[in-house]
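Colleague: Please see the structure below; I have some questions.
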Amino acid sequence: MIVIYDSKTGNVDRFVKKLNLECYKVVPQLKVNKPFVLITYTTGFGQAPNTTLEFLESNFVFLRGVASSGNQNWGKSYAKAADIVSKQYSVPVILKFELSGTEEDINKFILEVRNIV
Ligand SMILES: Cc1cc2nc3c(=O)[nH]c(=O)nc-3n(C[C@H](O)[C@H](O)[C@H](O)COP(=O)(O)O)c2cc1C
């Protein structure tokens, strides 16, 4: 299972560096032809980033699960990008984590990915 991720201010970048998995960052025109899990972040008031949504428009077929970084200060909008993607593409939310995540978050993410495989 590969990991595709999106990051604007570097928190998700830092999270994926702690995973010992094959990870690729979302860039325009990225095309993925095998199963992947997505890690994104939440922006606006509980929105998924446009870069993530555009990537998914042409790559949702192999999407197997989604995680989002966020900040609990946002209350009900906490890491809501994961819920948005989950609902739109009928895939499980595998993790919501704050900023660049804790060691516990990393371990949970790895376990969840193993369960999907
Ligand atoms: C303008 C802005 C809006 C945000 N909105 C939310 C939000 O609605 N919900 C949330 O959980 N986090 C929100 N955040 C926090 C980010 O999701 C969090 O900092 C995340 O770790 C950013 O990931 P990145 O550094 O990989 O881009 C917001 C941050 C910014 C700067």
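No value in this document is a laboratory result; all are computed from the given coordinates. Values in this document were obtained by computation on a predicted structure and should not be read as measured data. Don't worry about glycine lacking a Cβ; one is built from the backbone with ideal geometry, like all the others, and counts go over all protein chains shown.
Colleague: Can you give the calculated 222 nm mean residue ellipticity of the chain, where each DSSP H run of n ≥ 4 adds -39,500 (n - 2.57) and the sum is split over every residue, rounded to the nearest 500 deg cm²/dmol?
Modeller: -9500 deg cm²/dmol
Colleague: Take the alpha carbon gyration tensor of segment 75-117, find the square roots of its eigenvalues, order them as a ≥ b ≥ c, and report rounded if a/c is under 1.5; if not, report prolate when a/b exceeds b/c, else oblate.
Modeller: Note, shape of segment 75-117 comes out oblate.
Colleague: Okay, moving on. When Lys and Arg each count +1 and Asp and Glu each count -1, what net charge do the other residues less than 10 Å away from residue 25, Cβ to Cβ, add up to?
Modeller: Charge balance in the 10 Å sphere: -2.
Colleague: Does the chain classify as rounded, prolate or oblate by the C-alpha gyration tensor (a ≥ b ≥ c root eigenvalues; a/c under 1.5 gives rounded; else a/b over b/c gives prolate, otherwise oblate)?
Modeller: Since a/c stays below 1.5, the shape of the chain is classed as rounded.
Colleague: Which translational diffusion coefficient, to the nearest whole µm²/s, is obtained for segment 8-66 from the Stokes-Einstein equation, given a Kirkwood hydrodynamic radius over C-alpha pairs, 20 °C and 1.002 mPa s?
Modeller: 174 µm²/s
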